[in-house]
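> Sharing a structure below in structure tokens format, with a few things to ask.
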Amino acid sequence: MIRKITGVAVLIFNMCSAYAQQINVNIIQENKKVVAEGDRYMLRKLPFTFQVEVSGTDAFLIGATTDDDVYRSAIGEADLEVEWFENSGMAEGRFNAEQSLFISNDAPSYWYFTAADDHRFDRNPKGTPDHWTANRTVAKIDLLALDKQVSLIDIQTPLYLIFYTATHDEDYNVVDKKILYKAELVWE
């Protein structure tokens, strides 16, 4: 009986922990908050910044693609296999020196904050690993499949993004995921 109660308590704790993870994302361009229509943001082909406030986790994954079908499958509106959910995250440079965003249909990026001197955001994030705020400026994208970096001024297609957390089993297989934020970035 005690084992059952302990097992149920652990399950409830894990569920509460997973659902306590929250992220609030604003997109800032030219010092103004960009207002979305649903999940769609209309941006100029100029640098922009993800302004994030995160609670309940020190990290999340970013699936970023130019492929509408991959994005729709990731959010459950289509039925393709989504490689992001099968692979671990790619590590981008510390402090976002490149001001870039990895674009890949194969693996997500891994963005985290553990301390002011250990993170994947612009300099000077604030907070603790359990509750923090940070900015990530994007001036260009890295199309990893093409081994090509593209300035925002040269982008021709929308960008599709999901920010999510994943739960893994003991063999590090993804057993569950929680989408925290999704967006379609289109260009004027």
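The values are calculated or read from the model by the stated rules, or taken from the named source; none is laboratory data. Computed from a prediction, not measured in an experiment: that's the story for all the values here. Counting neighbours? That spans all protein chains shown, and the Cβs are built from the backbone with ideal geometry, glycine included.
> For A97, all conditions in the list (1) exposed (fewer than 15 other Cβ atoms within 10 Å of the Cβ); (2) under 19 Å from L159 (Cβ atoms); (3) among the hydrophobic types (A, V, I, L, M, F, W, C) hold save one; what is the number of the exception?
(2)
> Restricting attention to the range 157-188, and to residues there that are of a type in the set (S, T, Y) and under 16 Å from E37 (Cα atoms), which single residue is surrounded by the fewest Cβ atoms within 10 Å (Cβ to Cβ)? Step through it out loud before you land on a result.
Residues of the range 157-188 of a type in the set (S, T, Y): 157, 160, 164-165, 167, 172, 181.
Among the residues that remain, those that are also under 16 Å from E37 (Cα atoms) are: 160, 181.
On the way: Y160: 24, Y181: 17.
Looking at residues that are of a type in the set (S, T, Y) and under 16 Å from E37 (Cα atoms), I get Y181.
> For the range 121-150, which residues satisfy the criterion of being within 22 Å of D106 (Cα to Cα), within 17 Å of the chain's Cα centre (by Cα) and β-branched (V, I, T)?
V138, I141 - these are the residues of the range 121-150 that are within 22 Å of D106 (Cα to Cα), within 17 Å of the chain's Cα centre (by Cα) and β-branched (V, I, T).
> Going by the conditions given, is V35 among the β-branched types (V, I, T) and free of Cβ contacts under 8 Å to residues at least 12 places away in the same chain? So that I can check it myself, show each step before the final result.
Values: among the β-branched types (V, I, T): yes; free of Cβ contacts under 8 Å to residues at least 12 places away in the same chain: yes.
Here the answer is yes, as V35 does meet what is asked.
> Taking only pairs six or more apart or across chains, which ones have beta-carbon atoms under 9 Å, a first residue in the range 138-156 that is buried (at least 16 other Cβ atoms within 10 Å of the Cβ) and among the small types (G, A, S), and a second residue that is in a helix (DSSP H, G or I) and at pLDDT 95 or above?
From residues that are buried (at least 16 other Cβ atoms within 10 Å of the Cβ) and among the small types (G, A, S), the pairs are A139/L152.
> Output the residues belonging to the range 140-188 that are of a type in the set (S, T, Y), out of contact with any helix residue (DSSP H, G or I) (no Cβ under 9 Å at 6 or more places or on another chain) and closer than 12 Å to I62 by Cα.
Y181, the sole residue that qualifies.
> What's the number of the only condition in (1) closer than 25 Å to D176 by Cα; (2) modelled with pLDDT of 95 or more; (3) of a type in the set (G, A, S) that A36 fails to meet?
Among (1) closer than 25 Å to D176 by Cα; (2) modelled with pLDDT of 95 or more; (3) of a type in the set (G, A, S), the lone unmet condition for A36 is (1).
> Would you confirm, using the coordinates I've provided, whether R120 is on the phi < 0 side of the Ramachandran plot and surrounded by 15 or more Cβ atoms within 10 Å (Cβ to Cβ)?
Details: on the phi < 0 side of the Ramachandran plot: yes; surrounded by 15 or more Cβ atoms within 10 Å (Cβ to Cβ): yes.
It is true that R120 is on the phi < 0 side of the Ramachandran plot and surrounded by 15 or more Cβ atoms within 10 Å (Cβ to Cβ).
> Could you check, for the range 82-91, whether at least one of its residues is within 16 Å of R136 (Cβ to Cβ), of a type outside the set (D, E) and in a helix (DSSP H, G or I)?
Of the range 82-91, the ones within 16 Å of R136 (Cβ to Cβ) are 89-91.
With the extra rule that they be of a type outside the set (D, E), the set shrinks to 89-91.
After this cut, where a residue has to be in a helix (DSSP H, G or I) as well, the list is none.
Scanning the range 82-91 turns up no residue that is within 16 Å of R136 (Cβ to Cβ), of a type outside the set (D, E) and in a helix (DSSP H, G or I).
> Quick check on my filter: what residues within the range 63-81 are at pLDDT below 90 and either hydroxyl-bearing (S, T, Y) or under 16 Å from R40 (Cβ atoms) (or both)?
Selection gives E77 alone.
> Run down V70, V82 and say which single residue is among the hydrophobic types (A, V, I, L, M, F, W, C) and in contact with a Leu (Cβ under 9 Å, 6 or more places away or on another chain).
Unique residue meeting the criteria: V70.
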